Amino acid sequence: MRIYLRQTNSIVVVVAAIWLTACVTPSEPPDPARIREELLASRADERELVEATVTDLTRRQRILLLLDERDRLIAESVTYIRRYKTEMTRLNADYGAERRQFERLIAEFNAQRAGFQVGFVEILAGMKATTTAEEWRTISKYQLKHLPLRRLTYGQAYTGQPG
């Protein structure tokens, strides 16, 4: 009886595994042009949301300037990530490249990345300081859903999109 149960359990596991893999469809690689269009539309929608949410003209203009600064910083970081990727690829292809060259490149990248992160935090702090709690809740909810920083920077850098 034990052997029969083991065989039955094994058959169930195999059938379940086959069924699950049959249900999984391979995903297509992301289309950079489509992603770029989505990001541009999301940025435009974000601006409209800010204009509708922040009623005070002075504060609204300040937020829009901060969004422009964020987008400039994103474009700068995307350019830097691409340059890092190119340099890392070049070093990797160079049989004579030494460990210290990789370590130096990684240290430079980490320092630059930390600087970008500080810049993003300063921009977010400026946005929070400029909005009310309710305004920020609305704006940040939209940003987290449609414009997460990781997608805006690393995603663009590795899909070939311009910032």
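Points worth noting:
- For the listed peptides 133-139, 71-77, a ranking on the average number of other beta carbons within 10 Å per residue, highest first, reads 71-77, 133-139.
- The stretch 49-85 and the stretch 128-146: distance between their alpha carbon centers, rounded to Å: 13
- Applying a DSSP loop filter and a limit of 13 other Cβ atoms within 10 Å to the chymotrypsin sites (Phe, Trp or Tyr not before Pro) in the stretch 86-133 leaves Y95.
- Reach of K145 by Cα under 13 Å, taken over aspartates and glutamates that are not fewer than 8 positions away in the same chain: E38, D45, E46
No value in this document is a laboratory result; all are computed from the given coordinates. None of the values given here were measured: they were computed from a predicted structure. All Cβ positions, even for glycine, are placed from backbone atoms using ideal geometry, and neighbour counts span all protein chains on display.
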